[in-house]
């Protein structure tokens, strides 16, 4: 990502596993040829919950896309997604707009007129839905963290490369809108503004117990709970562990239940660790050692970690520290001073928890010396232009090029966060081999890189085997 010609940029940015051979050899003819610039990419939304409708709204606002279908296992959310898309086009003067609805995402993937899918399902289902989408030849926008486990991330990366589709991870802090602060800070660090970088301090927020005891409930008629549960361990339905039935925007309980998500270490950790690795030049690497401690919720409907302290040792003697006492954001420290970047007081949604705020200085980008974040020179290292994250994804499909947040890099961010979770669970320091993507000589830790699927039909390995992907 150097100031250079587009051809040089593509050559250099694709090293480390994302080569030109991994890009699509073929793209639907309807996206090429006569009238190609005006031909919209046909998109389907899979998952119409609070973040699903956020992704849907962002794509509706992009001129390159046309939303033609929505899919959800909850009929209430499915209807809300359909209405949102149809209202958008109707309000802009179109008559007789019909957005198709699907219960089963497999039916979406079998539709030949759909070019790309937005996948906004719970974390434990990311891998299987995305792998099936890649096998079907659909381009993918996938919410972070890209997968639930490390082995899933590796499998998804290999599938995307094998099928030659474009996958954009929802690490929107890499794009210019609405938070330029992360790009500016990471570019400054990558260009050596801090001299020798030695420490990165990260705050990713704190989850609190629900206050409800686990209590099985009847499954509502509106929800296909069997398919929603998917690969996760068998368990009775509890609204507090799925999503609210009387609200479309409330924070879902699955995000704080370990069978479905690993807590803030991967929820917001995937955002901030991604930026840290980007700034360090470790976007295709990872930590050398992982030492994490945390408290976990007990006697509660929710089960993820609460307080935490994580230390990751990276190459070049850089130490990354995550602690629930740190303000939300990243503080880069080096020999020449420090740079801090954040979203300020904004959460992903209003219902998200947040880390403590440094209310004395809420500027999203600040430094020990303003010169550290002054404009870079003409020959400085710069990130790929990315006006909006969803727009960058659609442009990547159109232009047949890598997106700003490719799976090769987001898989590494997930691995670092999931390795921290494994250290939390084992209550000991771990050694991580980023090249091999494993804990060398540590069978106990390596066993936690994956999780057996509840039933074969939800096992991503079965899908890979059928597709002939190793």
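Say each of residue 291 and residue 467 gets a label point 7 Å from the Cα, pointing the same way as Cα to Cβ; how far apart are those two points in nm?
Between residue 291 and residue 467, the simple spin-label model gives 4.0 nm.
Would you order 131, 469, 265 from fewest to most other beta-carbon atoms within 10 Å of each residue's own beta-carbon?
Final ranking by Cβ density, sparse to dense: 469, 131, 265.
Provide the three semi-axes, in whole Å and in decreasing order, of the ellipsoid equivalent to the stretch 78-193 as defined by the square roots of 5 times the Cα gyration tensor eigenvalues.
29, 23, 12
Any idea what % of Cα-Cα pairs in the chain are farther than 36 Å? Intermediate results must be reported in sequence, preceding the final value.
Values: 28097 of 110215 pairs.
Tail of P(r) above 36 Å: 25 percent of Cα pairs.
On average, how much area does the Cα convex hull of the stretch 360-401 cover when viewed from any direction, in nm²? Don't skip to the end; give the middle numbers.
Numbers: hull surface 19.4 nm².
Over every viewing direction, the Cα hull of the stretch 360-401 projects on average to 4.8 nm².
Suppose only helical runs count, i.e. DSSP H with n ≥ 4. What mean residue ellipticity at 222 nm does that imply for the chain under -39500 (n - 2.57) per run, divided by all residues and rounded to the nearest 500 deg cm²/dmol?
Result for the chain, helices only: -9000 deg cm²/dmol.
Apply 1/(1 + (r/R0)^6) to the Cβ-Cβ distance of residue 378 and residue 61, taking R0 = 41 Å, and write down the FRET efficiency to the nearest 0.05. Walk me through the intermediate numbers first.
Numbers: r = 33 Å, r/R0 = 0.80.
For residue 378 and residue 61, the calculated efficiency is 0.80.
Tell me, what is the Rg over Rh of the stretch 363-470, with Rh the Kirkwood radius over Cα pairs?
Here Rg/Rh amounts to 1.09.
So what are the radius of gyration and Dmax for the Cα set of the stretch 136-277, in Å?
18.7, 60
Taking the Cα centroid of the stretch 121-163 and of the stretch 390-424, what is the distance between the two, rounded to the nearest whole Å?
10
Please list 434-440, 141-147, 390-396 highest first by mean number of surrounding beta-carbon atoms within 10 Å per residue.
141-147, 390-396, 434-440
Compute the distribution of all C-alpha to C-alpha distances in the stretch 34-131, in bins of 10 Å from 0, and list the percent of pairs in each, rounded to whole numbers.
Values per bin, smallest distances first: 16, 52, 27, 5, 0.
Gain in length, residue 284 to residue 222, computed as 0.36 nm per residue apart minus the alpha-carbon separation, to one decimal in nm?
18.1 nm
Just so you know, all these numbers are worked out from the coordinates, no wet-lab data involved. If you're wondering where the values come from, they're calculated on a predicted model, not measured in any experiment. As a convention, Cβ positions derive from the backbone with ideal geometry for all residues, glycine included, and neighbour counts pool all protein chains shown.
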